[in-house]
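Following: one structure in structure tokens, then a few remarks.
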Amino acid sequence: MKEIKIVSKWDNDKVLLFGQYESVKDCLKKNHGADLRSAYLCGAYLRGADLSGADLSGAYLSDVNLYGADLRGADLSGAYLSGAYLCGAYLCGAYLSGAYLSGADLCGADLRGADLRGADLRGADLRGADLRSATGYLSSHDFFQEIVKRQDSKTFTSKEWVCIGQIIVHRLCWSSIKKRFNKGAVGVFKKLAKVGFDEWGKHFRGLT
């Protein structure tokens with residue numbers, strides 16, 4: 001047993017959890033449901049931890065090991081998860097709006113129904129992640145790239161591949177896409193809608 005103290009990332013004097021525990025993981029397990037908003041947990045070893053339904057909004061979780069952790073329904077909105085190891089983590093129905101996930105390893109993670117509005121996924125590894133029914137991915141070029149990569153190369157025409165390449169490489173905004181690749185983009189988004197990802201098409205159709 002050792003002294004474990006979890007503080008706020010904004011104020012080291014604001015103690016969220018304190019006591020004698022085997023580890024940070026043990027502390028969180030025994031205080032399941034505690035208010036962890038803005039908690040500073042940088043680099044913590046939380047492999048397989050049960051954090052389902054936890055309020056970790058605004059928490060600092062850079063480089064944390066959350067391999068196989070249960071984060072179903074957890075509130076991670078605005079959390080800083082840069083470089084976090086979330087391989088195989090259960091994030092079904094998690095709130096990740098505004099979360100910073102740059103460089104995070106989400107390989108094989110379960111993101112079904114996760115709210116990704118405004119989440120920064122630049123450089124995140126989404127290989128093998130279950131992205132079905134995820135929402136709010138509209139503005140993420142990395143999410144778009146991952147979904148396109150999963151399609152057979154024959155799915156898109158040569159013109160559509162040109163459009164896709166430009167969107168990804170230059171991270172084009174919606175007005176540029178419509179101006180430069182209107183018909184090609186329509187075809188791409190229609191085909192992605194058929195495999196369950198219709199946010200791009202719906203937004204594109206609404207542009208004037």
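Summary of computed values
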{"read-out": "Restricting the stretch 176-202 to residues that are charged (D, E, K, R) and under 23 Å from ALA114 (Cα atoms), the residue that is surrounded by the most Cβ atoms within 10 Å (Cβ to Cβ)", "value": "GLU199"}
{"read-out": "Members of the stretch 1-47 found to be hydrophobic (A, V, I, L, M, F, W, C), under 15 Å from ALA69 (Cβ atoms) and assigned to a loop (DSSP other than H, G, I, E, B), listed by number", "value": "LEU36, LEU41, ALA44, LEU46"}
{"read-out": "Residues of the stretch 110-166 classified as among the aromatic types (Phe, Trp, Tyr) and in contact with a His (Cβ under 8 Å, 6 or more places away or on another chain), total", "value": "0"}
{"read-out": "Qualifying position, being in the same structural domain as SER57 (by TED's automatic domain parsing) and in contact with a helix residue (DSSP H, G or I) (Cβ under 7 Å, 6 or more places away or on another chain), among LEU106, LEU111, LEU126", "value": "LEU126"}
{"read-out": "Complete set of residues in the stretch 171-201 that are among the aromatic types (Phe, Trp, Tyr) and either in the same structural domain as ARG132 (by TED's automatic domain parsing) or not in a helix (DSSP H, G or I) (or both)", "value": "PHE197"}
{"read-out": "Test set (1) surrounded by fewer than 18 Cβ atoms within 10 Å (Cβ to Cβ); (2) out of contact with any Ser or Thr (no Cβ under 6 Å at 6 or more places or on another chain); (3) at pLDDT 95 or above - LYS14 fails condition number", "value": "(2)"}
{"read-out": "Failed item, numbered, when ASP75 is tested on (1) surrounded by 21 or more Cβ atoms within 10 Å (Cβ to Cβ); (2) out of contact with any Ser or Thr (no Cβ under 7 Å at 6 or more places or on another chain); (3) among the charged types (D, E, K, R)", "value": "(2)"}
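The values are calculated or read from the model by the stated rules, or taken from the named source; none is laboratory data. If you're wondering where the values come from, they're calculated on a predicted model, not measured in any experiment. Positions of Cβ are backbone-derived with ideal geometry, glycine not excepted, and every protein chain shown enters the neighbour counts.
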